[in-house]
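The values are calculated or read from the model by the stated rules, or taken from the named source; none is laboratory data. Because the structure is a prediction, the values reported are computed rather than measured. Note: ideal-geometry Cβ built from the backbone for every residue, glycine included; neighbour counts use all protein chains shown. Ligands, DNA and RNA are stripped out before the accessible areas are found, and what is left, the full protein with its side chains, is counted by its heavy atoms. Shrake-Rupley method; radii C 1.70, N 1.55, O 1.52, S 1.80 Å.
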Amino acid sequence: MSTGTRAPQEWQDWRERRTAKVSRPYGPLALTGTHWLADHPDGRIEGLPGRWTEDGDQVVLRTGAGDGLTVDGTPPSGEVRLGEDGAAARARVAWGERRLPVLRREGLWAVREYDPDAATRRAFTGIEVYPYDARWVRPGLFRPYPQERTVRVPNADGQRRGFGLAGELAFTLDGDEHTVQAAVEADGSLWAVFADTTSGDESYRFRFLRPPAPAEDGTVTVDLNRVVLPPCAFADHFICPFPPPGNTLPFALRAGERDLRAR
């Protein structure tokens, strides 16, 4: 990530890659349903073929040739056991052009449906983005907690779920220090869910900040120009966590992705 004269062009390139990623055939715009198996004790999900039931750490799919499903590219017959794949790109089950990955959250199983012909994908015209401004590229410091903390926060589907937080990310702006609680991803990068004084008004109700992995001393560049919309901004069927307590910045962050572009 550059902070010199090439930074604006690198940011523009990032924007183009980001737009291509969210609008791909099985990107977030293609999600048309998240079906929790606990809501379907008979295994029948309205609008989807087959019977889907949970059995401990697996989902059992019972299907026949007439259902039109394929598993690993082959029409199955009888019973298939599925582990969590979560993302459409890893989905073992397909239904024509649709992909049906399974996921698990806090012990509950769900089937997701991705359709390249989803109305949300067809209606997409782009992402509104604030102009690049070098002022929003800040030196930061990640301060890990002695042990991970879990807080329960509302999610976009109305449920409260645990959210693991690994530490505090600090940066200065106009002489004042600001902090947000952050999770650490599998690759070491950081993930903060936050709001600011523009949220729900001139920008989406909350956004994601994803800095790279900090150095050994905790230092990390915080480029607020690369703040992104959460998946639930693109489709209603995502279960994004809302900002944990304390993660509302007390200023107007006019940087990064703002909202979906109106048609």
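On the chain, 46 percent of the accessible area sits on carbon and sulfur atoms, based on a 1.4 Å probe.
With a Förster radius of 25 Å, plug the Cβ-Cβ distance of ALA123 and SER77 into 1/(1 + (r/R0)^6) and report the FRET value to the nearest 0.05. The pair ALA123/SER77 has a calculated efficiency of 0.10.
Taking Lys and Arg as +1 and Asp and Glu as -1, the other residues whose beta-carbon sits under 12 Å from that of LEU169 total +1.
Taking every protein chain into account, the 1.4 Å probe leaves SER199 with about 30 Å² of accessible area, to the nearest ten.
Quarter the surface of the alpha carbon convex hull of segment 115-161 and you get the mean projected area, 7.3 square nanometres. Assuming a ≥ b ≥ c are the square roots of the Cα gyration tensor eigenvalues, decide whether segment 135-223 counts as rounded (a/c under 1.5), prolate (otherwise, with a/b larger than b/c) or oblate. Note, shape of segment 135-223 comes out oblate.
Bridge orientation summary for segment 171-263: considering DSSP beta bridges with both residues in this region, about 80 percent are antiparallel. When the trypsin sites (Lys or Arg not before Pro) in segment 1-70 are filtered for DSSP coil states and for at most 11 other beta-carbon atoms within 10 Å of their beta-carbon, the remaining sites are ARG6. For the chain, the longest principal axis of the Cα atoms and the long axis of helix 7-22 meet at an angle of about 20 degrees. Subtracting the Cα-Cα distance of VAL60 and ASP217 from 0.36 nm times their residue separation leaves 51.9 nm of extension gain.
Just to confirm, what accessible area per residue do you get for the chain at 1.4 Å probe, in whole Å²?
Numbers: 13040 Å² over 263 residues.
Per residue, the chain has an accessible area of 50 Å².
DSSP beta bridges confined to segment 74-232 are antiparallel in about 95 percent of cases. Note on segment 143-191: along the principal axes its Cα atoms extend 38, 23, 19 Å, ordered by decreasing extent.
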